[in-house]
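Notes for the one structure printed next.
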Amino acid sequence: MARTVSDMPAVAVAVTDGMLPYELSTAIEIFGSDLTHIVDPWYDFSLCGSGPVNVGRFGLEPDHGLGHLAHADTVIVPSWADTDRDPPADLIAAVRAAHEAGTRAASLCTGAFVLGAAGLLDGRRATTHWAHTAELARRHPAATVDPDVLYIDNGDVLTSAGKAAAMDLCLHLVRLDHGAANANKIARRLVIPPHRDGGQAQFIATPLPEPGHHPLRDLIPWALERLDQPLTVEDLARQAGMSSRHLARHFKHLTGTTPLHWLHTQRIRRAQELLETTNATVDTVAAATGMGTATTLRRHFHRSVGVSPDTYRRTFRT
């Protein structure tokens with residue numbers, strides 16, 4: 001559930017021996033840094049473990065015991081290195097108890113094995129690093145494991161693929177808690193693309209491809225500057241100098257979705273930013289995002305975000 005910026009969400013990272021440093025440092029960088037110059041208050045951040053832990057070549061002294069996880073709004077479980085054996089029983093029990101107490105649980109990469117062992121993936125869609133999805137599916141047959149997604153948001157349980165996708169999920173949590181505009185500011189601070197997300201439930205696409213030399217490198221910024229115009233797939237193909245079918249293949253490869261869906265997602269994201277950062281009317285936002293009318297914007301916005309534009313604005317504006 002999204003929060004207002006007047007709240008101070010508590011984020012607790014569960015740590016134990018054998019976790020991988022990259023995903024752990026990602027969670028610390030996003031939630032444990034002092035970013036009050038962007039959002040004030042930021043997060044109440046803590047590391048929770050049963051005692052001193054070794055992560056790679058580094059040692060960590062947790063702030064609290066594992067029982068403190070149940071007092072957090074969000075529990076993050078970083079990568080679990082040895083997926084051939086079960087995670088520690090006390091970690092599994094603490095994560096399960098925290099979720100039963102109403103805490104949102106998110107795993108980064110193979111942290112999904114901890115959520116699975118706690119029973120949190122049963123009956124839900126989930127993902128992890130592509131190299132481990134088959135094992136996750138074998139070990140937890142009650143879960144629907146998708147190897148082709150960046151991350152999956154089930155509301156109270158979220159899972160991500162490996163490495164860079166862990167950063168995507170962390171930024172997605174910031175976007176839920178503090179809005180798209182602030183998540184984008186943090187992405188710029190980290191020098192990473194801000195919009196690596198997709199649909200309402202599964203967040204499977206990559207609407208902005210990674211920077212680099214790819215066939216859409218000139219088309220993407222051209223389209224983003226013209227979201228107020230009634231662009232079509234044919235318009236995009238004409239600008240790119242290729243057929244619609246050829247364009248669709250490149251979009252699928254680079255973003256994981258179709259040109260039309262990508263364009264629609266960018267319009268919704270632009271609407272979110274305008275609702276968060278301006279006093280523009282819904283009619284004005286509709287015109288600025290190429291939706292045409294307030295009725296059209298309200299229909300598509302509610303379908304994609306889950307709330308009306310007016311409700312969204314009230315949530316993220318003070």
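The values are calculated or read from the model by the stated rules, or taken from the named source; none is laboratory data. Predicted model, so just to flag it, every value in this text is computed and none were measured. Every residue, glycine as well, gets a Cβ built from its backbone with ideal geometry; the counts of neighbours run over all protein chains shown.
Laid out as a table, the results:
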item	result
Those residues of segment 34-67 which are under 14 Å from residue 8 (Cα atoms) and either surrounded by 15 or more Cβ atoms within 10 Å (Cβ to Cβ) or among the charged types (D, E, K, R) (or both), in sequence order	34, 35, 38, 39, 40, 42, 43, 44, 45, 46
Helices (runs of 4 or more DSSP H) within segment 114-191 that include 3 or more residues closer than 30 Å to residue 44 by Cβ	164-178, 180-190
Filter result for residue 84 (modelled with pLDDT under 95, of a type in the set (Asp, Glu) and in contact with a strand residue (DSSP E or B) (Cβ under 7 Å, 6 or more places away or on another chain))	no
Search result, residues across segment 134-169 that are surrounded by fewer than 20 Cβ atoms within 10 Å (Cβ to Cβ) and either polar (S, T, N, Q) or not assigned by TED's automatic domain parsing to the domain that holds residue 77 (or both)	144, 154
Residue that is farther than 14 Å from residue 216 by Cα and either surrounded by fewer than 21 Cβ atoms within 10 Å (Cβ to Cβ) or aromatic (Phe, Trp, Tyr) (or both), where the choices are 243, 304	304
Close pairs from segment 109-125: first under 14 Å from residue 76 (Cβ atoms), partner outside any loop (DSSP other than H, G, I, E, B) and of a type in the set (Asp, Glu), Cβ under 6 Å, at least 6 apart	109/23
Subset of segment 235-266 [out of contact with any helix residue (DSSP H, G or I) (no Cβ under 6 Å at 6 or more places or on another chain), closer than 22 Å to residue 288 by Cα and not polar (S, T, N, Q)]	235, 261, 263, 264
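Conditions tested, residue by residue: (1) polar (S, T, N, Q); (2) assigned to a loop (DSSP other than H, G, I, E, B); (3) within 19 Å of the chain's Cα centre (by Cα).
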| position | (1), (2), (3) |
| --- | --- |
| 12 | no, no, yes |
| 35 | no, yes, yes |
| 90 | no, no, no |
| 98 | no, no, no |
